[in-house]
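Below is one structure, written out as structure tokens; comments come after it.
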Amino acid sequence: VVFTEDGTTKSFEGEFQGSSKRSDPNVFMARVLQYLETPQYLRKELFPMHPDLRFAGLLNPLDAPHHVRMDTPSPYREGIVARRPTKPGSGVWVNVGLRQCALVGMNIPAGTRVTVKLPLPPKNGQYPRTLRGNAVDPTKPRTQDGIYWGYTTRLAGGLGKVLSECPFKGGYDLTIGTSERGKW
């Protein structure tokens with residue numbers, strides 16, 4: 001969690017609004033953390049050119065379970081709804097980082113990030129010509145299958161508000177604090 005000193009709490013989902021030439025360090029950190037959490041094949045579409053991300057390509061990738069490589073079978077993949085026409089009522093095409101897009105039988109606006117449940121590929125490793133998947137809640141890989149599926153980033157108005165304005169019922173499971181010297 002990244003917090004600001006001005007007393008406001010902000011949530012960053014999707015596209016960031018630009019900032020002045022001299023960037024707010026809290027917004028900068030939130031932007032970089034969200035960029036790193038996004039699978040590599042989605043970054044170009046979800047993050048427009050921004051001065052805060054000028055050197056982000058030099059950062060090591062997270063290699064998290066939701067950053068699935070093209071040749072790795074996975075029951076879930078992160079994707080973005082493509083701006084590609086479909087037949088009326090057939091759903092939308094979603095870029096899930098494979099050689100072909102997946103057809104998801106829901107109407108979701110183009111440019112939206114979604115978690116897609118896919119069938120595992122046959123033994124030959126080749127998906128069918130028309131790959132069909134289902135859009136699922138982004139927490140489903142974690143809650144149903146126990147797969148780590150990324151993190152969320154939010155800005156809080158201060159250190160106290162990090163804990164008092166927790167977005168989870170019952171608060172955080174674990175809280176760890178340290179000083180700038182690394183001592184408890």
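The values are calculated or read from the model by the stated rules, or taken from the named source; none is laboratory data. In this text the structure is predicted, and so the values were computed from the model without any measurement. FYI the Cβ positions are ideal-geometry reconstructions off the backbone, even for glycines, and counts take in every protein chain you see. Surface accessibility is based on the protein's heavy atoms, side chains included, excluding ligands, DNA and RNA. Shrake-Rupley method; radii C 1.70, N 1.55, O 1.52, S 1.80 Å.
Tabulated results
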quantity: Cα gyration tensor, region 50-132 - rounded (a/c under 1.5), prolate or oblate; calculated: oblate
quantity: Cα gyration tensor, region 82-172 - rounded (a/c under 1.5), prolate or oblate; calculated: prolate
quantity: S23 paired with V136, simple spin-label distance in nm, labels 7 Å along Cα-to-beta-carbon; calculated: 3.4
quantity: Carbon plus sulfur fraction of accessible area for the chain, probe 1.4 Å, in percent; calculated: 55
quantity: Estimated 222 nm signal from helices in the chain, with DSSP H stretches of n ≥ 4 weighted -39500 (n - 2.57), rounded to 500; calculated: -4500 deg cm²/dmol
quantity: Choice from Y76, Y41, Y127 showing the highest fluctuation, given a GNM over the chain with Cα pairs closer than 10 Å; calculated: Y127
quantity: Ranking by accessible area, most exposed first, for K117, K44 with a 1.4 Å probe; calculated: K44, K117
quantity: For the chain, accessible area per residue (1.4 Å probe, heavy atoms of protein chains only), Å²; calculated: 67
quantity: Difference of contour (0.36 nm per residue) and Cα-Cα distance, Q126 to R84; calculated: 12.9 nm
quantity: Modelled FRET efficiency - R0 30 Å, A110 with R54, Cβ distances, 0.05 increments; calculated: 0.65
quantity: Mean shadow area of the chain, taken as a quarter of the surface of its Cα convex hull (nm²); calculated: 13.6
